[in-house]
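Reviewing the structure listed below.
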Amino acid sequence: MKAKEIVKNKFWILEDHGVRVGTLSVADERFMVSNSNGTRFFKNKKQLQKGLGKDLDWLAQSITEVDATKEVHGFPTSTVPFNSMFDVKKKLPLYTKSSKSKSLYCAGYYIIHFDKGWVKSFCPKLITVERYETKGPFKTDLEMKQALSQANAK
């Protein structure tokens with residue numbers, strides 16, 4: 001089984017003979033595996049390999065880094081933010097695009113539930129996030145796509 005690195009030392013795609021079988025992430029010194037069997041946690045690499053029942057081949061990939069000037073509180077933005085802030089109650093990283101702008105945008109990736117179903121969105125306006133059911137923010141496109149597939153499966 002292969003673990004293809006997507007986010008350096010944080011997130012991998014698990015593949016078995018070229019077929020994607022799940023995801024692996026590291027948080028709080030624990031490994032989390034999500035696949036068709038559900039989500040499982042492991043304390044270390046040894047437990048992880050025993051739990052998967054297979055040896056893991058860790059593959060590093062060259063990752064393109066997000067431009068640090070285009071982010072708000074660790075979440076990517078579509079433009080260089082002018083006025084960044086964090087809404088503590090809603091837990092949203094917010095920003096404006098210029099000094100004269102009155103529109104607030106939410107940094108990061110989201111999925112939004114419109115009448116036609118769940119759709120993906122990058123840096124939506126705050127008013128859209130307030131009006132519709134949303135999930136996010138996500139730091140990467142991959143995390144957002146995973147949440148979108150889970151939402152559409154329901």
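Readers should treat all values here as calculations from the given coordinates under stated rules, not as data from a laboratory. Model, not experiment: these values are computed from the prediction. Quick reminder, even Gly has a Cβ in these numbers, built from the backbone with ideal geometry, and neighbours come from all protein chains shown.
Each Lys and Arg adds +1 at its Cβ and each Asp and Glu adds -1 at its Cβ; summed about the Cα centre, the stretch 2-59 shows a dipole of about 140 debye. Taken about its Cα centre, the chain carries a charge dipole of about 320 debye when Lys and Arg each add +1 at the Cβ and Asp and Glu each add -1 at the Cβ. Considering only Ala3, Gln47, Asn37, and ranking their Cα positions along the charge dipole of the stretch 2-59 that arises from unit charges at the beta-carbon of Lys, Arg, Asp and Glu, the one farthest toward the positive end is Gln47. By the gyration tensor of its Cα atoms, with a ≥ b ≥ c the square roots of the eigenvalues, what is the shape of the stretch 71-153: rounded for a/c under 1.5, prolate for a/b over b/c, or oblate? Because a/c hits 1.5 or more and a/b exceeds b/c, the stretch 71-153 counts as prolate. The structure shown yields log10 I(q)/I(0) by the Debye sum over Cα atoms at q = 0.12, 0.13, 0.16 Å⁻¹, and of the options (i) -0.57, -0.65, -0.90; (ii) -0.44, -0.53, -0.82; (iii) -0.62, -0.71, -0.97 that calculated value carries the label (iii).
Measuring from a point 7 Å past the Cα of Lys135 along Cα-to-C-beta, which residues in the stretch 1-33 have an amide N at less than 15 Å? Answer for this model: 23.
Among the trypsin sites (Lys or Arg not before Pro) in the stretch 68-135, those placed in a DSSP loop whose Cβ has at most 12 other Cβ atoms within 10 Å are Lys89, Lys90, Lys91, Lys100, Lys102, Lys116. Which FRET efficiency, nearest 0.05, do Asp28 and Phe82 yield, Cβ-Cβ r, R0 30 Å? Approximately 0.35, to the nearest 0.05. In loop segments of the stretch 40-135 as defined by DSSP, the GluC sites (Glu not before Pro) with at most 14 further C-beta atoms inside 10 Å of their C-beta are Glu65. The simple Förster model, with R0 at 35 Å and r as the Cβ-Cβ distance, assigns Lys100 and Thr69 a FRET efficiency of 0.95. Of Met1, Met144, the sequence from fewest to most neighbouring Cβ atoms within 10 angstrom is Met1, Met144.
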